[in-house]
């Protein structure tokens, strides 16, 4: 795509200054924009009608976020220039003596002219990707607020009712029954006045497991409690924080429902649904944050997400494991979440993770290695329309095995379903010890090899059949 015009924008708190020129440097137009949504969207729509161009924005993320959003939704190419880097460019290359809004806009314009030949312009994101990215980022903000409110709630409880936390009356403070209790009856004196019967009915209304035992424990703690002078003030804070956590949980649930509605008619999302253990939130983050970078292949996605290695060489020192700093952290977290879900739901990923741990890698290093391999698979799925299909030559695990939760259930299934297994050492098929090892019966011909891999203390039995087909992680074999 050939650029026809360039624009440099200096962002301010109330107004933005835009300077236009053609590729030869001839000035075309100067325009002042108010920092208002309607005017920014109108400006973006007008630019979209002028052909292919590039807008370079100078300003902090908070000031330029609304303008960037308007340009992206209108399909206009935009780049945000780091203010510190742009200042060095202005001083060292342009040698400008003054510092005004006009000088900043012109510096951004010249900076864009320098980048014009180096940039690889991507097609604009589709509407579904833009919506998924907005929903994903909004959910991240709400989730961060929910965790903060939950910490405040726990701190208030620790000050006037620490026995509730130490006795583990509720395993999770953000469960529905606990939040309802803190919001309506935050004081231990109120629990004692309610009595065990009414408190049990109140907890059972929110489908609390073990409502009777919890009500009995709460009443017992209330009888031992000694009220303090600040209990009333702290209890009101607990009630407010519990109400806020409840509200934020409801908003997060609503956003996840909207994500599911968008992904229901989005074909790339349906392709990613084939990956075992992937969630709606992870799919929204992958599609929304990756955008059209996926068109440039796996290396571009790995560099953009920070999961690809970076060569750093100076003199005789060479470091090929250095990680990039300026990356899309949301995309990186999405791939890391996807890798961990896959470790928990697929034997090939669990075996790959176990091999990395056996080589001395830490948990996060092993997970990053798996996430880098997943980039290759996701890029091929999105670019070539391939499914998460089974490829030849890898470890094989029966499909039913992933639905068996406990270790004993897995071992019983393997022993009963395939039969030709013998247990060495003095252990039974129902319960292997941590040092127990399972071997194939030499007389059996159904299995060619049996590998036992582990991840963080949990043991998974993995069959290997050269002629079998397996869920597509071909690159995880070595």
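The values are calculated or read from the model by the stated rules, or taken from the named source; none is laboratory data. Keep in mind the model is a prediction, meaning the values are calculated, not measured. Methodologically, a virtual Cβ is constructed for each residue, glycine included, from the backbone with ideal geometry; neighbour enumeration extends over all protein chains shown.
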When residue 356 is run through (1) within 30 Å of residue 292 (Cβ to Cβ); (2) modelled with pLDDT of 80 or more, the failure sits at (1)
The residue that is farthest from the chain's Cα centre (by Cα), considering only those in segment 55-78 that are at pLDDT below 80 and closer than 21 Å to residue 30 by Cβ, is 59
For the structure I just gave you, tell me whether residue 382 is at pLDDT 85 or above and either surrounded by 19 or more Cβ atoms within 10 Å (Cβ to Cβ) or farther than 19 Å from residue 308 by Cα (or both). yes
task = Would you check if there is a residue in segment 317-325 being surrounded by 14 or more Cβ atoms within 10 Å (Cβ to Cβ) and either within 21 Å of residue 279 (Cβ to Cβ) or at pLDDT 85 or above (or both)?
result = no
Over segment 187-208, the set of residues crowded, with 18+ Cβ neighbours inside 10 Å and within 34 Å of the chain's Cα centre (by Cα) is 203, 208
Those residues of segment 145-176 which are outside any helix (DSSP H, G or I) and surrounded by 13 or more Cβ atoms within 10 Å (Cβ to Cβ) amount to 161, 169, 170, 173, 174, 175
Test: residue 256 is farther than 18 Å from residue 184 by Cβ and in a helix (DSSP H, G or I):
yes
**Study point:** Condition met for residue 276 (in a loop (DSSP other than H, G, I, E, B), within 30 Å of residue 133 (Cα to Cα) and in contact (Cβ under 8 Å) with a residue 40 or more places away in the chain)
**Key:** yes
The condition from (1) surrounded by fewer than 16 Cβ atoms within 10 Å (Cβ to Cβ); (2) touching a strand residue (DSSP E or B) at 6+ places or on another chain (Cβ under 9 Å) that residue 68 misses is numbered (1)
- Answer yes or no: is there a residue in segment 87-106 that is under 32 Å from the mean Cα position of the chain (by Cα), assigned to a helix (DSSP H, G or I) and not assigned by TED's automatic domain parsing to the domain that holds residue 326. no
Subset of segment 200-212, residues within 17 Å of residue 173 (Cα to Cα) and in a helix (DSSP H, G or I), comes to 202, 203, 204, 211
Considering segment 326-351, residues that are within 20 Å of residue 289 (Cα to Cα) and modelled with pLDDT under 85, and then whichever is surrounded by the most Cβ atoms within 10 Å (Cβ to Cβ), we arrive at 327
